[in-house]
Each structure stands twice: as structure tokens, then as C-alpha cells.
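Have a look at the structure below, then the notes.
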């Protein structure tokens, strides 16, 4: 199945100059969504992991299903001030502003191998922050799986330079 057919591209969103790759058209199609999940499960077999993590918010859609199918705990990496208990925080920069992601301090134990799932890798700021959160929590980053890699933006290369395992279901240009 060619999953690219199920991705909608929106020019100048969320700000002028950004070509937004919208996965809502993929998730509303059961066959495409199921195929994407099957591919993520297949890719996840390349790494050893005992927890699945998801980057807010679109990562939740895919990672929760992977967590269910692999029978592994789901760890939520959330935007600032969305988690009620004690948490670790990492600040980072996006293409269009500053952001913070957080994880509950009791979500990741020392030595946990955590697989990170998100919808898209662009500049890599969010993914790099996710890796830092896992490491601050004394866990290990098992790897990253993305639905889309924007291949002409530096995110995937940034993760590879840190020796992280990264895979994507498809690639698009970022501009």
C-alpha cells in the first residue's frame, strides 16, 4: 500500500512558508491506518524495547495501538503543564517557536529501553527533547519510529548523529 496517497499537504500552515503534512487523512482510512500500524510493529522488531512512548499529540494515536499490540506500557511525553505529578522537563526549539515537553518522573525506570513513536520528524527538536527526557529519567532510547520523515530537513540526521535508531514509513520533502 502506498501510504503517501493518504497524506494531505497544506501550504502555509501553521505559518507562512511551512508545508504541513497532515496524517488525519491516513487515520480516517481504516485500511491505511491498519497498514501503518502493521509496518510500525514490523519496524519495532528491529530493536529491543520494554516501553513505548508517544510524543504529544499525534504520536499518541499510533503509539497507543502499538502499546496494546505489543503488550508494553505506554509513556506519554506531553506539552508543558499537562501532567499532574512530578515530572522531568526539557525545553527546545521548533521551526516556529519554543516549546517544552515533560514526562512523569515515575514513568521510566533506570535501564528501561523506550521506543519513541511520532507522526513526523522535521528539524528534530521535539525528537531530540524526547530522547533527553528518556535519558534524564535514566532510561535508554531504543529508537524512534515516525510515520513521515521530511528528508530535506535535518531531524533524522540529528538523531542518527546521536547514534539513535530511526525508521520512517515514508518520506516527503519538507518544503
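The values are calculated or read from the model by the stated rules, or taken from the named source; none is laboratory data. As the structure is a prediction and not an experimental result, all values here were calculated from the model. Don't worry about glycine lacking a Cβ; one is built from the backbone with ideal geometry, like all the others, and counts go over all protein chains shown.
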Fill in: Number of the exception - residue 20 against (1) more than 23 Å from residue 170 (Cβ to Cβ); (2) touching a strand residue (DSSP E or B) at 6+ places or on another chain (Cβ under 6 Å); (3) modelled with pLDDT under 95
(1)
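Does residue 38 meet the test of being modelled with pLDDT of 95 or more, surrounded by fewer than 16 Cβ atoms within 10 Å (Cβ to Cβ), out of contact with any helix residue (DSSP H, G or I) (no Cβ under 7 Å at 6 or more places or on another chain) and more than 24 Å from residue 165 (Cβ to Cβ)? Spell out the reasoning first.
On the way: modelled with pLDDT of 95 or more: yes; surrounded by fewer than 16 Cβ atoms within 10 Å (Cβ to Cβ): yes; out of contact with any helix residue (DSSP H, G or I) (no Cβ under 7 Å at 6 or more places or on another chain): yes; more than 24 Å from residue 165 (Cβ to Cβ): no.
Here the answer is no, as residue 38 does not meet what is asked.
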Worksheet entry | Test for residue 106: is it loosely packed, with under 15 Cβ neighbours inside 10 Å and under 28 Å from residue 32 (Cα atoms) | no
Worksheet item: With (1) over 13 Å from the mean Cα position of the chain (by Cα); (2) crowded, with 18+ Cβ neighbours inside 10 Å; (3) within 25 Å of residue 26 (Cβ to Cβ) as the list, and residue 75 as the residue in question, which single condition is left unmet?
Response: (1)
Worksheet item: Within region 132-146, restricting attention to residues that are under 21 Å from residue 89 (Cβ atoms) and touching a helix residue (DSSP H, G or I) at 6+ places or on another chain (Cβ under 9 Å), which residue is surrounded by the fewest Cβ atoms within 10 Å (Cβ to Cβ)?
Response: 140
Worksheet item: What are the residues in region 147-165 that are closer than 17 Å to residue 47 by Cα and surrounded by fewer than 21 Cβ atoms within 10 Å (Cβ to Cβ), if any?
Response: 160, 162, 163, 164, 165
Fill in: From 122, 129, residue being under 15 Å from residue 59 (Cβ atoms), under 13 Å from the mean Cα position of the chain (by Cα) and either surrounded by fewer than 14 Cβ atoms within 10 Å (Cβ to Cβ) or modelled with pLDDT under 95 (or both)
122
Worksheet entry | Search result, residues across region 151-175 that are in a loop (DSSP other than H, G, I, E, B) and farther than 22 Å from residue 141 by Cα | 152, 173, 174, 175
